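Asks: Before I ask anything, let me first share the structure, which is written out below as structure tokens.
The values are calculated or read from the model by the stated rules, or taken from the named source; none is laboratory data. Since the structure is predicted, the reported quantities are computational estimates derived from the model, not experimental observations. Cβ: placed from backbone, ideal geometry, glycine included. Neighbour counts: every protein chain shown. Surface areas here come from the heavy atoms of the whole protein model, side chains and all, with no ligands, DNA or RNA. Shrake-Rupley method; radii C 1.70, N 1.55, O 1.52, S 1.80 Å.
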Amino acid sequence: MTHPKHADTDHPVHQLIAERWSPYAFADRDVSDEDLQSVFEAARWAASSYNEQPWSYLVARREDDAAFERLWSCLVEGNQAWTKSVPVLAIGCTSRKFSKNGKPNAACEHDLGLASANLTLEATARGLVVHQMIGILPDRARSLFNIPDDAEAKTALAIGYAPPVDAVPEEVRERDLQPRSRKPLQEFVFGDKWGESHTF
């Protein structure tokens with residue numbers, strides 16, 4: 001049966017793209033070591049400027065109470081509210097300088113995004129779901145995890161399994177089950193000038 005969050009696209013896309021979504025509710029089910037290794041392997045093989053691979057991830061599992069609490073404490077209060085019981089939390093970090101010459105890497109955030117997108121699609125292929133968050137406390141993460149000066153915590157990721165539709169808690173039910181929507185292509189794919197829709 002099609003999940004209510006699967007995208008109703010205007011044009012054909014790969015099934016994984018249509019099925020990917022970001023829940024607030026997670027099933028009480030652990031993620032295997034094999035699956036977790038594979039989702040980060042997918043991040044490993046993302047494209048990056050000059051193959052710099054300027055991303056790193058801090059990872060904690062729920063069953064390790066101390067490690068999970070430490071990483072969870074780096075989320076803003078609004079994100080802490082719904083992530084207390086997710087199986088895996090991660091924080092994505094960027095290295096802001098090229099390792100080969102020490103010059104600023106203007107593409108580092110873009111490349112972290114590509115790595116996390118790869119991770120998310122691999123997770124989707126394995127029946128997992130990922131919810132990415134910008135709401136973190138970078139300074140706290142730096143202090144707790146000894147992040148070096150030339151790196152920065154940028155995003156967090158909750159990784160696990162979506163619960164059955166009838167088990168989604170009431171407090172997030174509307175958000176998790178309302179249909180997904182996106183801008184049409186005409187609003188962001190331009191041709192001769194900004195704001196003028198490209199003609200395919």
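Asks: Could you grab the pairs with beta carbons closer than 8 Å, sequence gap of 6+ or different chains, first residue in the stretch 55-72 and touching a residue at least 24 places away in the same chain (Cβ under 8 Å) and open to solvent by 60 Å² or more (accessible area, probe 1.4 Å), second one in a loop (DSSP other than H, G, I, E, B) and among the charged types (D, E, K, R)?
Replies: Listed by first residue and then by second, the contacts come to GLU63/ASP30.
Asks: List, please: which pairs have Cβ atoms under 9 Å, are six or more places apart or on different chains, and start with a residue in the stretch 22-50 that is closer than 30 Å to GLU171 by Cα and end with one that is at pLDDT below 95 and polar (S, T, N, Q)?
Replies: Between residues of the stretch 22-50 that are closer than 30 Å to GLU171 by Cα and residues that are at pLDDT below 95 and polar (S, T, N, Q), the close pairs are PHE26/SER85; ASP28/SER85.
Asks: Out of (1) in a loop (DSSP other than H, G, I, E, B); (2) among the hydroxyl-bearing types (Ser, Thr, Tyr); (3) modelled with pLDDT of 95 or more, the odd one out for THR2 is which?
Replies: Going through (1) in a loop (DSSP other than H, G, I, E, B); (2) among the hydroxyl-bearing types (Ser, Thr, Tyr); (3) modelled with pLDDT of 95 or more one by one, THR2 breaks only (3).
Asks: Identify, by number, the condition in (1) more than 30 Å from ALA18 (Cα to Cα); (2) in contact with a helix residue (DSSP H, G or I) (Cβ under 6 Å, 6 or more places away or on another chain) that GLY135 doesn't meet.
Replies: Looking at each condition in turn, GLY135 falls short on (1).
Asks: Within the stretch 27-52, take every residue that is open to solvent by less than 30 Å² (accessible area, probe 1.4 Å) and assigned to a loop (DSSP other than H, G, I, E, B) and give me the one that is farthest from MET133 (Cα to Cα).
Replies: Result: SER48.
Asks: Do we have any residue at all in the stretch 157-175 that's within 21 Å of ASP111 (Cβ to Cβ) and in contact with a Ser or Thr (Cβ under 8 Å, 6 or more places away or on another chain)?
Replies: Quick first cut of the stretch 157-175, residues within 21 Å of ASP111 (Cβ to Cβ) only: 157, 159.
Now narrow it down to the ones that are in contact with a Ser or Thr (Cβ under 8 Å, 6 or more places away or on another chain): 157.
Within the stretch 157-175, one or more residues are within 21 Å of ASP111 (Cβ to Cβ) and in contact with a Ser or Thr (Cβ under 8 Å, 6 or more places away or on another chain).
Asks: Looking at this structure, is LEU89 under 23 Å from GLU34 (Cα atoms) and outside any strand (DSSP E or B)? If you could, list the steps in order and put the result at the bottom.
Replies: Working: under 23 Å from GLU34 (Cα atoms): yes; outside any strand (DSSP E or B): no.
So LEU89 does not fit the description; no.
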